[in-house]
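Report on the structure given below.
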Amino acid sequence: MTTAMDRRANAESRAGAGIEAGAFSPSLSRVPVTVQVVLGTAKLPLSELLSLQSGAELSLVEKPGDPVTVLVNGCTIAKGELYVLEGEDERFGVKISEIFEGAMPI
C-alpha cells in the first residue's frame, strides 16, 4: 500500500525529471493541450457575482508568494512559483516545484 509519504517522495523525486523526448510517439507528441495557471480563487455570494461590473476587484483567498496551480486540459498536474520573465517586464513564467503523482508518465 502506498502511503502519503511515499507519494510525496515520488512526486518530489520526479519534480525535476520532466518527460523524456521519446516518451510519446511522434503523432501523439503533436496533439495540442491547453495549459492553465491558476493564481487563486475567490468565494462570494451569487448576488455579488451578478452585480460585478468593469473595474470591480475580487479578493483572492491566496496570498502573494503562495504556489500557483498548473492544469493541463482541466486536470491539476503540478504546483509552481510565479515569476517575471527576465527582460520581459510584462510577462510571467512558472517554475514547477511539484509534479503530482499520476499526472505524467514515469
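We did not get these values from a lab; they are worked out from the coordinates using the rules stated. Source: prediction; values computed, not measured. Virtual Cβ from ideal backbone geometry, glycine too; neighbours counted across all protein chains shown.
Summary table
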| item | result |
| --- | --- |
| Amide H contacts of GLU62 (H built 1.01 Å from N, under 5 Å, at least 5 apart or other chain) | THR41 |
| Ascending count of other beta-carbon atoms within 10 Å, so fewest first, for ASP89, ASP66 | ASP89, ASP66 |
| Amide H partners (placed H, <5 Å) of GLU98, local residues excluded | LYS79 |
